[in-house]
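The structure under discussion appears below in the form of structure tokens.
The values are calculated or read from the model by the stated rules, or taken from the named source; none is laboratory data. What you are looking at is a predicted structure, and each value in this text was computed from that prediction instead of being measured. Backbone-built Cβ (ideal geometry, glycine too); neighbour counts: all protein chains shown. Side chains are part of the model used for accessible areas, which takes the heavy atoms of the whole protein and leaves out ligands, DNA and RNA. Shrake-Rupley method; radii C 1.70, N 1.55, O 1.52, S 1.80 Å.
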Amino acid sequence: MIGNIGLVVGLALLILLALRGINILLAVLISILVIGLTNAIPIADIFLKHFPFGPSGAFSFAGNFLLLFMCGAIFGRVMAASHAAQGVAMGITKRLGAQRTLLIAMLVCALLTYGGVVVFVVMFTMYPIGVTLMRQANIPRRLYAAAIALGAGTFTMTALPGTPSIHNVIAARNLGTDLFAGGWYGLLAAAVMAGVGMWYLQSQWRKAQAKGENYVTHAKDEQMAALAPQPDQQLPSLFVSVLPIVVVLLMIMLPRLLQLAGMSADWISFANTQPVLWASFALLCGVASCFVLFAPARQAFWATAGQGVDDALLPLINTAAVIGFGGVVIQTAGFHQFATWLVELPVPPLLSVFFSANLISGITASASGGLQIFMSSLAPVYLEAGVSADILHRVANIAAGGLDSLPHSGAVIALFTLMGLTHKEAYKDIFVVTVLIPIVAALVVVAAAMAFA
């Protein structure tokens, strides 16, 4: 009983500390101490075994995925330094017009993240451009923030097949699938998330206009506006700007296309069995294409790449810390009781997968953290129950992207901090587009898989 109480208190403490802006690593270390002591886990085992080096340990995760985080961050930095990211944003803006600001934000963020640019780089790219767009269209900042979250943190993160996102790679690495597993179900979920999400944001914009709610400037807006492309600044065309993203996606697709064509080779087998390395290689090909295509990318290239490595470290450490938190949690009797209860729910296996991945991601406030814990602790049970590895890959991915965006989510806090927003001002819209609608999309996919698989 004391152990279960400690588990709840430790989780509540993590949420509270995260909401108060405490460094997530500090928050995790304090919380696992509470959980470990109340569950009679030796302190040495907490901090020197389960948290750092267990199957779901922080350093175990960091070691496995350092290369992917680093290559994604370098690609994002080089895309920004080459002005290709801004070229994508401004090219789409010119074609759609400022009156479609919310759609522009979603599309640009989706395109960049689907191509492998890390979420934090996308935020920093879109916010300066968004200041001008918000002013022109008179859109409340809370809705622009929600559009960024919809494009960068939902369907490209968990649903679209082929994305080099950490979530897609975690599932592929643990299940032996490739990055396109369950592709049709992913496309279905993506259509629900993007379509319903944009409908919601547009309806909220109309309601805001009817109530007289307008764009209100903020000190951060003035700072970020200076970083936006100036009217006389020469940017690459949309066609050229998007080529590095196309290169990344083509490299990821190539082994699968050749395999479907009946070809076989050692490197094709390597690509299909090593998703971390192949996705990293695809991102490096994107970096190389930026170097070739854009002169600004060649200026101070190694300094830019070094900044990308720096960019990778904080998200990697934060994600690893949350996973290490889960590594301690799964050592408790309470977690095993909870996991047993989830698996034994009197519901079809895929519905049980939906509940399990969602709840674990909600506990960790991280889709990647929850997915890693799910894959290491529960996925084998569902495979033994007869769930296809491809369908499990996609359903678990999509489900993990539901409750991961609760108020203590690191990505949510980072977005609000960047844009100078508070949870009271903006979280309702974030909740709808990153929690509620992805949950609906996951249920639609579960129903489709149960009907047609």
Checking Leu418 against (1) within 30 Å of Tyr144 (Cβ to Cβ); (2) in contact with a Phe, Trp or Tyr (Cβ under 9 Å, 6 or more places away or on another chain); (3) open to solvent by less than 10 Å² (accessible area, probe 1.4 Å); (4) not basic (Lys, Arg), which test does it fail?
(3)
If the requirement is being of a type outside the set (Asp, Glu), in contact (Cβ under 8 Å) with a residue 40 or more places away in the chain, closer than 24 Å to Gly197 by Cα and open to solvent by less than 10 Å² (accessible area, probe 1.4 Å), which of these qualifies: Val395, Val432, Val444, Val440?
Val395
When you go through Val343, Val347, Val353 one by one, which is the residue that is surrounded by fewer than 18 Cβ atoms within 10 Å (Cβ to Cβ) and at pLDDT 85 or above?
Val347
Which residue out of Phe65, Phe69, Phe59, Phe75 is in contact (Cβ under 8 Å) with a residue 40 or more places away in the chain, under 28 Å from Thr113 (Cβ atoms) and open to solvent by 40 Å² or more (accessible area, probe 1.4 Å)?
Phe59
Regarding the range 315-328, can at least one residue be identified that is at negative phi and outside any helix (DSSP H, G or I)?
no
If you scan the range 143-169, which residues turn out to be of a type in the set (A, V, I, L, M), in a helix (DSSP H, G or I), within 13 Å of the chain's Cα centre (by Cα) and modelled with pLDDT of 90 or more?
Ile148, Ala149, Leu150
Among the residues of the range 174-186, the number that are over 21 Å from Val117 (Cβ atoms) and assigned to a helix (DSSP H, G or I) is 5
Listing of helices (runs of 4 or more DSSP H) fully contained in the range 229-310 that carry 1 or more residues being within 14 Å of Ala85 (Cα to Cα) and touching a Phe, Trp or Tyr at 6+ places or on another chain (Cβ under 6 Å)
275-293, 295-298
Could you check, for the range 366-384, whether at least one of its residues is touching a Leu at 6+ places or on another chain (Cβ under 8 Å) and surrounded by fewer than 18 Cβ atoms within 10 Å (Cβ to Cβ)?
yes
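Please state which one of Thr154, Thr125, Thr158 is under 28 Å from Val247 (Cβ atoms), touching a Leu at 6+ places or on another chain (Cβ under 8 Å) and polar (S, T, N, Q).
Thr125
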Search result, residues across the range 6-17 that are touching a helix residue (DSSP H, G or I) at 6+ places or on another chain (Cβ under 7 Å) and open to solvent by 70 Å² or more (accessible area, probe 1.4 Å):
Val9
Matching residues, the range 163-187, being closer than 20 Å to Val108 by Cα and either surrounded by fewer than 21 Cβ atoms within 10 Å (Cβ to Cβ) or of a type in the set (Val, Ile, Thr) (or both)
Thr163, Ile166, Leu187
Just a yes or no: is a residue in the range 18-35 charged (D, E, K, R), free of Cβ contacts under 8 Å to residues at least 24 places away in the same chain and open to solvent by 30 Å² or more (accessible area, probe 1.4 Å)?
yes
Elements of type helices (runs of 4 or more DSSP H) in the range 383-437, at least 3 residues being at pLDDT below 85, more than 15 Å from Ala365 (Cα to Cα) and within 18 Å of the chain's Cα centre (by Cα):
410-419
Test result for Gly116, modelled with pLDDT under 80 and not polar (S, T, N, Q):
yes
Residues of the range 210-255 being open to solvent by less than 30 Å² (accessible area, probe 1.4 Å), of a type in the set (Gly, Ala, Ser) and at pLDDT 80 or above, in sequence order, are Ser241
